[in-house]
Amino acid sequence: MSTALNTVQKLDAAIKKAFEAAIAKQLLPEGEIPSFNIETPADRSHGDLATNAAMVSARVFRSAPKKIAEAIVSEIDLSDTGLERTEIAGPGFINFFYSPAFYAQVLEEVSEKGESYGHTDFGQGKSVLVEFVSANPTGPMHVGNARGGALGDQLSSLLEMAGYNVKREFYVNDAGNQIEKFGLSLDIRYLQLYKDGIEMPEDAYHGQDIIDHAKAFAEINGDKYVDAPENERRAALVSYALPLNIAGLERDLLKYRIKYDNWFRESTLHNNGAVKRVVEMLTEKGHTYEKDGAVWFKAEQFGADKDFVLIRSNGLPTYVVPDIAYHYDKLVTRGFDRAIDVLGADHHGYVPRLKAALTALDVDASKLDVVLMQMVRLIKNGEQYKLSKRSGKAITLVTLLDEIPIDAARFFFNLREANTHFDFDLDLAVEKSSQNPVYYVQYAHARICNIVKKLAEENITPRKCTAEDYAKLTSPEEIELINKLSALDDEVNTAAKDLDPSRITRYVYDTAALFHKFYNACKVKSEDESLMQARLSLCLAVKTVIANILTMFRITAPESM
């Protein structure tokens with residue numbers, strides 16, 4: 001447990017003991033101590049921690065909150081809590097202030113834990129499967145996949161930092177309507193190489209990639225399949241092109257620094273009977289009915305807005321059935337404690353349907369969390385940007401990464417919460433200035449490396465600081481920065497609970513900002529060797545925190561810029 005969280009825990013115990021002592025001395029009447037909060041005030045001048053214990057106790061102890069607060073303060077023992085004083089504010093809030101020993105302990109903790117600083121046991125080792133991107137394998141990935149990739153991968157890293165056992169998974173939609181359309185599109189393009197007058201259907205895939213696949217297939221097979229049965233020809237074309245597309249997805253995502261633990265194919269669920277089985281199970285449990293020759297699920301009985309079709313009148317399953325089977329596989333067959341999907345905001349209505357089906361299958365639907373992601377707009381020269389300057393075609397993940405640094409892409413896409421629309425400024429992403437958020441953070445890390453290097457050239461190296469050394473860190477800029485470092489564990493736990501990696505992106509940006517503020521106000525090199533070592537220790541602690549977060553998010557932490 002971190003110094004800051006340990007201090008909160010000790011303060012909680014001290015407040016409860018103060019209540020008991022006040023009751024024993026009859027400063028307060030007998031009564032059961034109610035639950036209370038300990039929080040960090042928005043304005044730290046009011047205290048480093050604050051509690052509403054007196055406010056929520058007024059009814060229990062039949063007394064004014066301020067009088068209760070006075071009783072608590074008179075009896076509280078802050079020794080060994082990392083706090084040195086307390087004061088009553090307003091109608092009965094109690095504020096507490098850290099002691100110099102607290103600040104020293106924070107810096108010592110960062111130094112001792114190093115790369116593991118910020119890692120918590122919030123997740124208690126529970127297994128989590130995070131599924132994200134899962135782009136249609138019939139074509140290239142788009143900008144929405146770029147945001148989803150950064151979000152899903154960094155959410156996975158955040159959960160790992162919070163103590164979960166995380167697996168990353170890509171769900172390959174290699175069955176169903178889109179594959180039928182893929183086969184049709186390849187088929188037409190292949191036949192057009194040998195026959196005139198064959199038109200491409202309007203709803204087929206018209207991309208250059210389809211033409212390229214058909215030509216490459218023809219180079220290998222010639223006209224061998226031109227007069228073959230249509231189903232045989234299309235199967236051969238799909239068998240050739242689909243693996244290439246999937247390999248391309250994996251290659252492009254690796255370029256984006258995303259490596260999956262598993263690529264799960266939808267076809268597996270069809271081939272092993274899982275798709276058919278979930279419909280049978282729902283039917284056996286009495287949760288389906290037939291109407292107009294189709295099999296319907298009684299979804300309304302399980303919280304969905306309306307019933308929906310599982311099996312069409314032609315005997316084929318709807319798109320949601322493999323999804324139900326897939327999530328049943330995640331939570332039951334493979335037994336993950338939790339499943340998290342990162343999906344586009346257009347899936348809003350889909351989620352309650354899926355959860356309704358899981359509930360009907362006796363699966364705890366609360367084990368499924370869905371992060372819905374809003375759209376991204378690329379902005380260049382102040383205007384929306386849709387076409388690549390290199391190809392003149394719509395921006396894809398690959399063309400985006402050709403135009404901006406990968407560090408910028410991964411950082412920018414997690415600057416905002418997933419449920420907010422995001423304008424991605426391409427000009428800012430390549431700018432080398434403090435206006436560029438990722439550059440600003442990386443520069444803080446590089447600046448610290450340069451400080452250490454410059455001091456080493458003068459034979460000044462870091463040493464272990466004493467309590468007396470740390471006690472000299474008293475300026476507002478120093479205290480503010482240490483407070484920020486102390487909050488990392490709590491930030492990680494809160495971000496993990498909310499499934500919001502952008503919270504940590506903002507945290508590291510704020511940490512960098514506070515460091516630059518400290519650097520401008522406090523000279524590290526000093527004739528006071530004790531103060532210099534304390535400030536050097538603070539610099540190294542900031543360097544550790546920035547590096548830990550950037551590394552966790554697969555963003556480089558440069559030593560020079």
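The values are calculated or read from the model by the stated rules, or taken from the named source; none is laboratory data. In this text, all values refer to a predicted model and were calculated from it rather than measured experimentally. Cβ: placed from backbone, ideal geometry, glycine included. Neighbour counts: every protein chain shown. Just the protein is used for accessible areas: all its heavy atoms, side chains included, with ligands, DNA and RNA removed. Shrake-Rupley method; radii C 1.70, N 1.55, O 1.52, S 1.80 Å.
What ranking do 510-516, 152-158, 92-98 get when scored by the average of other Cβ atoms within 10 Å per residue, highest first? Could the numbers behind the result be given before it?
Details: 510-516: 20.1, 152-158: 25.1, 92-98: 22.6.
The most tightly packed comes first, giving 152-158, 92-98, 510-516.
Assuming R0 = 35 Å, what is the FRET efficiency of residue 112 and residue 362, from their Cβ-Cβ distance, to the nearest 0.05?
Here the calculated transfer efficiency is 0.15.
Relative contact order for the stretch 8-162: what is it in percent, counting Cα pairs under 8 Å that are at least 6 residues apart?
Details: 181 pairs, mean separation 26.9, N = 155.
For the stretch 8-162, the relative contact order is 17 percent.
What do you get for Rg/Rh of the stretch 163-206 when both radii come from the Cα atoms and Rh is the Kirkwood radius?
Details: Rg = 17.3 Å, Rh = 13.0 Å.
The Rg/Rh ratio comes out at 1.34.
What three numbers, in Å, describe the spread of the alpha carbons of the stretch 56-199 along their principal axes, ordered from the longest?
Extents along the principal axes, in whole Å: 95, 42, 26.
Quick one: net charge of residue 382's neighbours, Cβ under 10 Å, K/R +1, D/E -1?
Working: positive: 380; negative: 383, 425, 427.
Combined, the nearby Lys, Arg, Asp and Glu give -2.
Please work out the FRET efficiency for the pair residue 232 and residue 348, using the Cβ-Cβ distance as r and a Förster radius of 41 Å; give the result to the nearest 0.05.
Numbers: r = 41 Å, r/R0 = 0.99.
Here the calculated transfer efficiency is 0.50.
Under 1.5 on a/c is rounded, so check that first for the stretch 440-498, then, if it is not, pick prolate when a/b is larger than b/c and oblate when it is not; a ≥ b ≥ c are the square roots of the alpha carbon gyration tensor eigenvalues. Walk me through the numbers before you get to the answer.
Values: a/c = 2.49, a/b = 1.49, b/c = 1.67.
Oblate, since a/c reaches 1.5 and b/c is not below a/b.
List the trypsin sites (Lys or Arg not before Pro) in the stretch 1-67 that DSSP assigns to loop (not H, G, I, E or B) and whose Cβ has at most 12 other Cβ atoms within 10 Å. Which are they?
Working: sites: 10, 16, 17, 25, 44, 59, 62, 66, 67; in loops: 25, 62.
Taking the stretch 1-67 and a limit of 12 other Cβ atoms within 10 Å, the loop trypsin sites (Lys or Arg not before Pro) found are 25, 62.
Largest first and to the nearest Å, give the Cα extent of the stretch 396-509 along each principal axis.
For the stretch 396-509, the Cα extents along the three principal axes come out at 55, 37, 21 Å.
Find the Cα radius of gyration of the stretch 125-211, compare it with 2.2 N^0.38 Å by division, and give the number to two decimals. Let's see the in-between values first.
Numbers: Rg = 18.6 Å, N = 87, 2.2 N^0.38 = 12.0 Å.
Cα Rg divided by the expected 2.2 N^0.38 Å: 1.55.
Over all directions, the average projected area of the alpha-carbon convex hull for the chain comes to how many nm²? Intermediate values should be presented prior to the final figure.
On the way: hull surface 136.4 nm².
Taking a quarter of the hull surface, the average projection is 34.1 nm².
Taking the C-alpha atoms of the stretch 328-401, how large are the radius of gyration and the largest Cα-Cα span, Dmax, in Å?
18.5, 53
Principal axis extents for the stretch 1-141, Cα atoms only, whole Å, descending order, please.
Its Cα atoms span 74, 35, 29 Å along the three principal axes.
Determine by what factor the alpha-carbon radius of gyration of the stretch 472-512 differs from 2.2 N^0.38 Å, reporting the quotient.
Values: Rg = 11.8 Å, N = 41, 2.2 N^0.38 = 9.0 Å.
Against the empirical 2.2 N^0.38 Å value, I get 1.31 for the stretch 472-512.
Where does each of 355-362, 286-293, 532-539 land if you order them by average Cβ count within 10 Å, highest first?
On the way: 355-362: 20.9, 286-293: 12.9, 532-539: 23.5.
Descending mean neighbour count gives 532-539, 355-362, 286-293.
Between residue 20 and residue 498, 0.36 nm times their residue separation minus their Cα-Cα distance comes to what?
Numbers: separation 478, 0.36 × 478 = 172.08 nm, distance 3.51 nm.
Length difference between fully extended and current span is 168.6 nm.
Probe of 1.4 angstrom, ligands and nucleic acids ignored: what's the accessible area per residue over the stretch 225-372, in square angstrom? Display every interim value, and only then the final one.
Working: 7190 Å² over 148 residues.
The answer is 49 Å² per residue.
Given 0.36 nm per residue, what is the gain on full extension from residue 203 to residue 402 after removing their alpha carbon distance, in nm?
Details: separation 199, 0.36 × 199 = 71.64 nm, distance 3.00 nm.
Fully extending the segment from residue 203 to residue 402 adds 68.6 nm.
Taking the Cβ of residue 550 as the centre, find all other residues whose Cβ is under 13 Å away and add up their charges (Lys, Arg: +1; Asp, Glu: -1). Mind showing how you got there, number by number?
Details: positive: 257, 410, 543, 554; negative: 115, 407, 559.
For residues surrounding residue 550, the net value is +1.
Given 20 °C and 1.002 mPa s, how large is the Stokes-Einstein diffusion coefficient of the stretch 186-311 in µm²/s, with Rh as the Kirkwood radius over Cα pairs?
On the way: Rh = 18.5 Å.
Using the Kirkwood radius from Cα pairs, D works out to 116 µm²/s.
For a protection proxy built on the mean count of beta-carbon atoms within 10 angstrom, sort 317-329, 217-229 highest first, please.
Numbers: 317-329: 21.5, 217-229: 13.5.
Those peptides, ordered most packed to least, come out 317-329, 217-229.
Once the Cα gyration tensor of the stretch 237-385 is diagonalised, what are the square roots of 5 times its eigenvalues, in whole Å and ordered largest first, as equivalent ellipsoid semi-axes?
Numbers: eigenvalues 190, 82, 58 Å².
Over the Cα atoms of the stretch 237-385, the ellipsoid semi-axes are 31, 20, 17 Å.
Carbon and sulfur together cover what percent of the accessible area of the chain at a 1.4 Å probe radius?
Values: 12580 of 26090 Å².
Answer for the chain is 48 percent, counting heavy atoms of protein chains only.
Which aspartates and glutamates, on any chain, are close to residue 432 with Cα under 14 Å apart, when same-chain ones fewer than 8 places away are left out?
Cα-Cα hits under 14 Å: 407.
At 222 nm, what helix-only mean residue ellipticity would the chain give, in deg cm²/dmol to the nearest 500, using -39500 (n - 2.57) for each DSSP H run of four or more?
On the way: 21 runs with 272 residues, N = 561.
Dividing the helical sum by the residues of the chain leaves -15500 deg cm²/dmol.
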